[in-house]
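One structure below.
The values are calculated or read from the model by the stated rules, or taken from the named source; none is laboratory data. Just so you know, these numbers come straight off a predicted model, no measurement behind them. Here the Cβ is made from the backbone with ideal geometry for all residues, glycine too, and neighbour counts use every protein chain on show. Accessible surface is based on the protein model in full, side chains and every heavy atom, while ligands, DNA and RNA are left aside. Shrake-Rupley method; radii C 1.70, N 1.55, O 1.52, S 1.80 Å.
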Amino acid sequence: MGGIAAAAPAIAMLGAIACLIGGGWMIASGRDRMKGALLLVMAAVLVGNVLIWTM
């Protein structure tokens, strides 16, 4: 595994963390709860993808 393939899981985890923070903030502030929930689902999918990639 080299190049971009080695960096992809790390980049995906950074994206998942950003989605968790953004989704949690949107839900907590009451701005747009549906988009916040979708961001949380997206974070879960990204983490699942990273788990699959690292097997």
Practice task
Could you list all residues from region 14-32 that are modelled with pLDDT under 95 and either surrounded by 12 or more Cβ atoms within 10 Å (Cβ to Cβ) or on the phi > 0 side of the Ramachandran plot (or both)?
Solution key: G30, D32
Practice task
Check M55 against each of (1) assigned to a helix (DSSP H, G or I); (2) open to solvent by 50 Å² or more (accessible area, probe 1.4 Å) and name the one condition it does not meet.
Solution key: (1)
Problem - Flag for L46 being within 10 Å of the chain's Cα centre (by Cα) and either assigned to a helix (DSSP H, G or I) or touching a residue at least 12 places away in the same chain (Cβ under 8 Å) (or both) - result: yes
